[in-house]
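To start, the structure under review is shown below, and the notes come after it.
The values are calculated or read from the model by the stated rules, or taken from the named source; none is laboratory data. Predicted model, so just to flag it, every value in this text is computed and none were measured. As a convention, Cβ positions derive from the backbone with ideal geometry for all residues, glycine included, and neighbour counts pool all protein chains shown.
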Amino acid sequence: MPELPEVEILKRYFEEVALSKKIVNVEFHDKLDKIFKSPRDVIRKSLLNESFTETRRTGKYLFAKISNGKWLHLHFGMTGSLEIFSETAPLPKYTRFVIEFENGDKLAFRDLRKFGVIQIVSDLADYHISNKLGTDLLEIDEKSFIKAFKNRKTFIKNVLLDQKHFAGIGNWIADEMLFEVGVHPEEIAANITEEKLKLLYKSAKRIVEEAIEFDTHYGKFPENFFTNYRKENAIHPDYKNSPVQRLVVGGRGTFIVPQKQKKSPPK
């Protein structure tokens with residue numbers, strides 16, 4: 001599933017291949033219109049004879065500004081990606097939507113499982129409010145990050161995945177952060193010390209920035225990442241006597257090294 005690092009890489013790719021090019025045609029390849037959250041005619045009228053002027057990303061949500069002031073919202077679901085191809089090349093596999101530019105380039109939105117989203121958004125600020133999207137993880141400051149945990153009587157893993165305070169922490173990133181700082185995912189958020197919350201903040205920034213730097217994509221993680229051992233009974237080289245354990249926290253598969261991430265006794 002594309003997480004924040006992958007979406008940031010896709011954002012940069014979109015900027016490289018799609019900005020400032022006149023749009024001359026769009027093609028719809030999802031017969032059931034599962035991924036199209038705006039009607040086809042709205043998408044077509046919003047894009048034809050226009051161009052993209054800039055992009056913005058909030059967490060895993062990518063937005064491309066159209067020259068008429070509207071925004072194209074792209075969400076990549078579990079298997080979404082982008083691919084530029086020429087007008088003479090065959091349609092890329094699993095293509096659901098195509099934007100054709102005046103110079104002959106075509107941009108395909110590919111999505112095997114069709115959990116992605118193609119949508120026209122009129123007002124970006126209103127969209128963020130109505131969808132309860134918080135500040136992007138790479139933009140939030142330490143003080144605001146720590147405040148999100150105040151008085152929260154739920155598991156810290158659940159708070160990390162809640163997008164309304166800070167957007168962009170997905171399942172593997174949360175596990176990576178908690179392992180790095182040595183926090184059990186079922187610790188109550190309000191009980192986490194400010195010192196550890198500061199460490200989680202720094203960890204989140206480092207993990208995401210490093211993943212972006214190394215062009216992380218679909219499991220190809222840097223050697224030092226915990227997620228390389230993120231499966232039941234795997235052995236992390238620093239904890240050879242403590243096999244990785246799988247839990248379900250808030251309905252999400254969660255992986256820990258018990259020796260490092262010990263749960264505090266009940267108060």
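Of note:
Residue-by-condition table, conditions (1) modelled with pLDDT of 95 or more; (2) over 30 Å from residue 132 (Cβ atoms); (3) of a type in the set (Phe, Trp, Tyr):
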residue	(1), (2), (3)
5	no, no, no
27	yes, yes, no
31	no, yes, no
49	yes, yes, no
55	yes, no, no
98	yes, yes, no
106	yes, yes, no
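- Among helices (runs of 4 or more DSSP H) entirely within the stretch 85-198, having at least 2 residues that are charged (D, E, K, R) and crowded, with 20+ Cβ neighbours inside 10 Å singles out 171-181.
- Residue in the stretch 21-35 that is out of contact with any Leu (no Cβ under 7 Å at 6 or more places or on another chain), assigned to a strand (DSSP E or B) and either under 18 Å from residue 119 (Cβ atoms) or among the hydroxyl-bearing types (Ser, Thr, Tyr) (or both) present: yes
- Take the conditions (1) free of Cβ contacts under 8 Å to residues at least 12 places away in the same chain; (2) exposed (fewer than 15 other Cβ atoms within 10 Å of the Cβ); (3) assigned by TED's automatic domain parsing to the domain that holds residue 143; residue 221 misses just one of them, which is (2).
- Test: residue in the stretch 199-215 that is in a loop (DSSP other than H, G, I, E, B), over 17 Å from residue 145 (Cα atoms), out of contact with any Cys (no Cβ under 6 Å at 6 or more places or on another chain) and not β-branched (Val, Ile, Thr): yes
- Contact map, the stretch 248-262: first residue closer than 15 Å to residue 179 by Cα, second residue basic (Lys, Arg) and surrounded by fewer than 15 Cβ atoms within 10 Å (Cβ to Cβ), Cβ cut-off under 9 Å, separation 6 or more or different chains; pairs are 253/246; 254/246; 255/231; 255/246; 256/246.
- Residue ID - surrounded by the fewest Cβ atoms within 10 Å (Cβ to Cβ), chosen from residues in the stretch 38-76 that are within 19 Å of the chain's Cα centre (by Cα) and assigned to a loop (DSSP other than H, G, I, E, B): 59
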